[in-house]
Amino acid sequence: AGNRAAEIKHKVARRHFNEIQNMLFQDAPRLTVHDTGDNWNQRFQAVMDLPARTEDEALYKYLMLTTVNRDFVSAAVTYAKTIISEYFLHTKDRSILPKSLGGVAGGKKYVWRGIVFKLADGTTGPWNGSD
């Protein structure tokens, strides 16, 4: 019962937040992003291009900047956990596969949803396993 009550409280708070946001920013230029998560820099640059001449515009711009940041961190943490938890699985059993991206420091590299991940394993590269 406690989880259900918290869920309802969250939905009500979110609805109120959306109503207040719509009232505050109804005349602000809107950022429309059709995002598949592949181009984080494009999303970031689109937000940075928003005007911030008035207090309302600045508030909206930094709200959108916070949203891009939150989305990026959420994606990065989620996929990093997946990469790490599947590290010792056979390649055929992994959901995110390593890519050959070159480099000299060794480790496995992954590219997923526009984010490059590197997982150092210490077995190759200039340190010859003595890291």
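The values are calculated or read from the model by the stated rules, or taken from the named source; none is laboratory data. Since this is a predicted model, take the numbers as computed values, not measurements. Heads up, the Cβs are rebuilt from the backbone with ideal geometry, glycines too, and the neighbour counts pull from every protein chain shown.
Mind listing whichever residues of the stretch 51-88 are among the β-branched types (Val, Ile, Thr) and not in a helix (DSSP H, G or I)? Quick ask: steps written out before the conclusion?
Narrowing the stretch 51-88 to residues among the β-branched types (Val, Ile, Thr): 54, 66-68, 73, 77-78, 82-84.
Once the filter is applied, which keeps residues that are among the β-branched types (Val, Ile, Thr) and not in a helix (DSSP H, G or I), the stretch 51-88 yields only 54.
If you scan the stretch 65-102, which residues turn out to be among the small types (Gly, Ala, Ser), farther than 13 Å from residue 118 by Cβ and loosely packed, with under 12 Cβ neighbours inside 10 Å? Reasoning before the result, please.
First pass over the stretch 65-102, keeping only residues among the small types (Gly, Ala, Ser): 74-76, 80, 85, 95, 100, 102.
After this cut, where a residue has to be farther than 13 Å from residue 118 by Cβ as well, the list is 74-75, 85, 95.
Selection gives 74, 85, 95.
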Has the stretch 37-57 got any residue that is modelled with pLDDT under 75 and in contact with a helix residue (DSSP H, G or I) (Cβ under 7 Å, 6 or more places away or on another chain)?
yes
